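Before any comments, here is the structure.
The values are calculated or read from the model by the stated rules, or taken from the named source; none is laboratory data. The structure presented is a predicted model; accordingly, all values stated were derived computationally and were not measured. Because the Cβ atoms are built from the backbone with ideal geometry, glycine has one as well, and the counts that use them run over all protein chains shown.
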Amino acid sequence: MAATAWIGGTLLLFLLGIFLKGKEAQAQTYEHLGPLYGYFESVWLAVLLATGSFMFFHFNLIDVLTLDINESRLGYMMSHKLFYVGAITILTIIHMKIAFKTHKQERSIIQKIVSRGSSLMIFFLNLAILWFAMQLRQILS
């Protein structure tokens, strides 16, 4: 449920940014949805990180990372997924810091570039993490 909320929310806002015509419509949508979405997504990201960490240690998957990653498909998949999860967490923190700092204010050019770039990377990393999660599920079942 947490993954559905996280990825679905990211997809929704990403698509709104593409398909809403006019800067005023986008500004109004993000002004009202942005803070609500930020809190909503923070809770689900925390749930995902907590449950993922629990499963990682409960099933002793840390041993998988000590194997030669090139020889173990499970180690390869797990190490890449963990890297992407770390990256998405950092990008989310950066994106939210800018979003909350500049809510209802004009952003600088750098803030716009970093905010939009991090949002785009979060979107694509979500898809990559989802793919790795499906591969790991297949390997572990």
Checklist entry - Within segment 58-76, can you find the residues that are loosely packed, with under 12 Cβ neighbours inside 10 Å and either closer than 17 Å to residue 133 by Cβ or of a type in the set (Asp, Glu) (or both)? => result 58, 59, 63, 68, 71
Checklist outcome for this item: The condition of being of a type in the set (Ser, Thr, Tyr) and under 30 Å from residue 141 (Cα atoms) holds, among 72, 118, 108, only for 72
Item to check | Odd one out for residue 92 among (1) exposed (fewer than 12 other Cβ atoms within 10 Å of the Cβ); (2) modelled with pLDDT of 90 or more; (3) among the polar types (S, T, N, Q) | outcome: (1)
Next on the checklist: Considering only residues that are touching a residue at least 60 places away in the same chain (Cβ under 8 Å) and within 16 Å of residue 126 (Cβ to Cβ), which ones fall in segment 14-37?
Outcome noted: 14, 17
Item to check | Filter result (β-branched (Val, Ile, Thr) and at pLDDT 90 or above) within segment 42-68 | outcome: 43, 47, 51
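Would you mind stating whether residue 124 is at pLDDT below 90, surrounded by fewer than 17 Cβ atoms within 10 Å (Cβ to Cβ) and under 23 Å from residue 15 (Cβ atoms)?
Numbers: at pLDDT below 90: no; surrounded by fewer than 17 Cβ atoms within 10 Å (Cβ to Cβ): yes; under 23 Å from residue 15 (Cβ atoms): yes.
No.
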Checklist entry - Going through segment 97-111 one residue at a time, which ones are part of a helix (DSSP H, G or I), at pLDDT 90 or above and surrounded by fewer than 19 Cβ atoms within 10 Å (Cβ to Cβ)? => result 97, 101, 109, 110, 111
Checklist entry - Does residue 49 fit the bill of being exposed (fewer than 11 other Cβ atoms within 10 Å of the Cβ) and part of a helix (DSSP H, G or I)? => result no
